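Each value in this text was obtained by applying a stated rule to the coordinates, not by laboratory testing. Because the structure is a prediction, the values reported are computed rather than measured. Backbone-built Cβ (ideal geometry, glycine too); neighbour counts: all protein chains shown.
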Amino acid sequence: MNVWLTRLRPDLRHPAARHDLRDAHDLHRRIMMLVPDDLGEHARRETGLLYRVEHTPSGPQILVQSRVAPDPRRLPAGYATAETRRLDPLLNQLRTGVVIRYRIAGNPSKRLAKASPGPGRPGQVVPLRGADAEQWWIKQAEKHGLQVASLIARPVPDARGDKNGTRIKHAIVQFDGTAVVTDPDLVRAAVLSGIGRGKAYGCGLLSLAPLKVDR
């Protein structure tokens, strides 16, 4: 298993960095520069590339995960600083019953059925809010080998952009908390493939860390 995590710290003095943080589609295209060209129509899926934008007191950062070694030198000069490390050791240590900390910026949503009451058209994907969003994550976690023990849900700015004249908008909720591993293989698969919709636009990256217990 080969998995890399790269932490990009965009330099907000760089015009391309400022622009990309405002346009989810252009940011997606920029992040894809980290991996080789000519990988076909499904390059993101083939490389397992997932990312999440986080806003910290020291400025924005972008966490990028991939199954191929990233090459930050392919980014424009001065665009961002980059730190890369392997995730294999952490994933290999997952065991049933282990308690972990998690973070995921998800796109809680559902597709309306033909007979759905209320606004919206059949087949439309609509965002979930509040308690519905929390239940979405609890069910997703269970399906992917985690039993949620604690949960903090925080809406973050939508992923917005323009793709060839088509407006892009994905509602995002960041979920943080602790969980118990019930199926390590399912958890590893979820980390590698991501969870939910909007993976090309900063959703679905599941980050894990061992739970540190004070002694």
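Tabulated data
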| read-out | value |
| --- | --- |
| Point-to-point label distance, V99-H14, nm (Cα→Cβ direction, 7 Å offset) | 4.1 |
| For region 52-87 versus region 156-215, the gap between their alpha-carbon centres in whole angstrom | 16 |
| Region 90-210: relative contact order in percent, alpha carbon pairs under 8 Å with at least 6 residues between | 38 |
| Loop sites in region 1-85: trypsin sites (Lys or Arg not before Pro), DSSP, at most 13 other Cβ within 10 Å | R13, R22 |
| Among L39, L192, L49, residue whose mean-square fluctuation peaks in a GNM of the chain (springs only between Cα atoms under 10 Å) | L39 |
| Under 19 Å, Cα to Cα: Lys pairs in the chain, sequence gap 8 or more or different chains | 8 |
| Two-site FRET efficiency, A77 against H55, from Cβ-Cβ distance with R₀ of 30 Å, rounded to 0.05 | 0.80 |
| For region 90-210, with +1 on Lys and Arg beta carbons and -1 on Asp and Glu, the positive-most of I104, P127, L151 along the dipole | P127 |
| FRET efficiency estimate (nearest 0.05) - Cβ-Cβ, H42 to A69, R0 25 angstrom | 0.85 |
| Segment Q124-N92, length gained on full extension (0.36 nm per residue, minus Cα span) | 7.6 nm |
| Distance between modelled label sites at Q147 and Q135, nm, 7 Å Cα→Cβ extension | 2.1 |
| Fewest-first ranking of M33, M1, using other Cβ atoms within 10 Å as the exposure measure | M1, M33 |
| Entry for P(r) over Cα pairs in 10 Å bins from 0, in percent (calculated from the structure that is shown) out of (i) 9, 35, 35, 18, 4; (ii) 8, 29, 34, 23, 6, 0; (iii) 8, 32, 36, 19, 4, 0 | (iii) |
